[in-house]
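A quick write-up on the structure given underneath.
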Amino acid sequence: MGVPAFRLGFSVLLVFAFVLCDLGVCNGGITSRFVRDDDASSDMPLDSDVFRPPPGKNAPQQVHITQGDSEGKSVIISWVTPDKPGSNRVVYWAENSDTRNHAEGYFVSYKYFNYTSGYIHHCTINDLEYDTKYFYVIGFGSLSRRFWFTTPPKVGPDVPYTFGLIGDLGQTHHSNRTLTHYELNPTKGQTVLFVGDLSYADRYPFHDNTRWDSWGRFVERSTAYQPWIWTAGNHELDSAPEIGESEPFKPYLHRYRVPHNASDGSSPLWYSIKRASAYIIVLSSYSSFVKSSPQYKWLANELEKVNRDETPWLIVLMHTPMYSSYVHHYMEGESMRVVFEPWFVKYKVDVVFAGHVHAYERSERISNIEYNVVNGLCSPAYNIEAPVYITIGDGGNSEGLVSEMTEPQPKYSAYREASYGHGTLDIKNRTHAYFAWHRNQDEYAVEADSLWLHNREWISTKLPQSSEMTHLSSAAA
């Protein structure tokens, strides 16, 4: 073969190789080479200013809100009074209104080993106006405290909205940096999607529940002003039969309420909400999900109910990732993947967010649903109708980061990095949303990784053929 022919053949092979990589056939994407400082961090001491109780004996503390219905016209407000029940009442009003409304809540308490909780109040306020700023007051007299929140726009297909993404937060100095980084991010998340593992109180002797209290005071600066959508992780299990505590999720379920009844859920560990143009499904990695289980039956019915003309963006939250290329917790989500992944592809879920692995990773659009006992198709493959899987378990907890990764990087892995951070999901309209991951060590506006998401349902079925995505890259999916 002459030199020109050789060069031509080599060029063809090179182009073919690039095409294969673009289609996701070659080995994986980017493993970040970012060099971190020492990531070890213990919990902040209890006398830290971020844990300081509000002034006044028995003043309300640990204030947090979440969505209280299916569409965003209701809010659940929760708080703790440490010594006495105090008032269950919430007084609230719209920003430009002189009318003061009030709602009555209730309180619960619990015992855990040698700990007795304060009085945990929950109050639901209903029939709120969309896209309106409300002030609310809890407590009374000199102990009253005032906060505010903004309701979402009315549910609709082209309603823009911005979510924050945080997981595995804990209460270390890294946790504090993550929360500060989120608060000062110029993208300005309006609601946090939290993918599990809150306080890490279970890492203390006898699952020291005073660390649930300190965590509630720590995050109040955000949770009192915007809804956090809760997902339960393994550190919420708090099951310790060796000290007589065998009831799973006991502290978590007493402290955090969710609107599971609004979505016909049989448990507060799985539920759904609609917010702006998104339909958000929360699953429980630590509850049964086999075919006869309540969670399985609920999800089967729930996915049938999603109207993509009303809420084009279908988002799933869970704690344990279905796809992860880190050695720690490797394939722990495999059982749930086998059960639920075919549904995620069938219903064109746009993105699945998870935590558990203390690092960041973003996948390509892949699935592993073709296998049967004779075809040998047992590896993830590119699938334009599959979700992007994002692991964001990098909030900052005391267990530290996981840095050991499987090598070579699998082809389903588009970007991975063991650093602390948070994410934002900025939905623009029915077809486009922008996800960004922000590393704690960077300036607030810096995006360490980012991705344009092209809506699966609208791109593939509702828009003209010329608008469809034909391939996937690290810049768009």
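The values are calculated or read from the model by the stated rules, or taken from the named source; none is laboratory data. Since we're looking at a predicted model, the values are computed, not measured. Heads up, the Cβs are rebuilt from the backbone with ideal geometry, glycines too, and the neighbour counts pull from every protein chain shown. In case anyone asks, the SASA skips ligands and DNA or RNA and just uses the protein heavy atoms, side chains included. Shrake-Rupley method; radii C 1.70, N 1.55, O 1.52, S 1.80 Å.
For HIS122, only one of the following conditions fails: (1) touching a residue at least 60 places away in the same chain (Cβ under 8 Å); (2) open to solvent by 10 Å² or more (accessible area, probe 1.4 Å). What is its number?
Evaluating HIS122 over (1) touching a residue at least 60 places away in the same chain (Cβ under 8 Å); (2) open to solvent by 10 Å² or more (accessible area, probe 1.4 Å) leaves (2) as the failure.
Take GLY170 and tell me if it is touching a Gly at 6+ places or on another chain (Cβ under 7 Å), within 29 Å of ILE280 (Cβ to Cβ) and modelled with pLDDT of 95 or more.
Yes; evaluated as a whole, the condition is true for this residue.
Can you name the condition, by its number, that THR391 falls short on among (1) touching a Pro at 6+ places or on another chain (Cβ under 7 Å); (2) over 30 Å from LYS188 (Cβ atoms)?
The number of the failed condition is (2).
Please go through the stretch 80-119 and give me each residue that is open to solvent by less than 80 Å² (accessible area, probe 1.4 Å), over 17 Å from THR151 (Cβ atoms), aromatic (Phe, Trp, Tyr) and not in a loop (DSSP other than H, G, I, E, B), ordered by number.
TYR112, TYR115, TYR119
Quick one: in the stretch 55-79, of everything that is open to solvent by less than 40 Å² (accessible area, probe 1.4 Å) and over 22 Å from THR191 (Cα atoms), which residue is farthest from the chain's Cα centre (by Cα)?
ASN58
Would the stretch 243-256 turn up any residue that is out of contact with any helix residue (DSSP H, G or I) (no Cβ under 9 Å at 6 or more places or on another chain), among the charged types (D, E, K, R), crowded, with 19+ Cβ neighbours inside 10 Å and touching a residue at least 40 places away in the same chain (Cβ under 8 Å)?
Within the stretch 243-256, one or more residues are out of contact with any helix residue (DSSP H, G or I) (no Cβ under 9 Å at 6 or more places or on another chain), among the charged types (D, E, K, R), crowded, with 19+ Cβ neighbours inside 10 Å and touching a residue at least 40 places away in the same chain (Cβ under 8 Å).
Pairs under 8 Å by beta carbon, first residue on the phi > 0 side of the Ramachandran plot in the stretch 339-354, partner of a type in the set (A, V, I, L, M, F, W, C), six or more apart or different chains?
The qualifying pairs are LYS348/LEU314.
Every residue in the stretch 127-152 that is touching a Pro at 6+ places or on another chain (Cβ under 8 Å), touching a residue at least 60 places away in the same chain (Cβ under 8 Å) and more than 20 Å from TYR106 (Cα to Cα), please.
Result: PHE149, single match.
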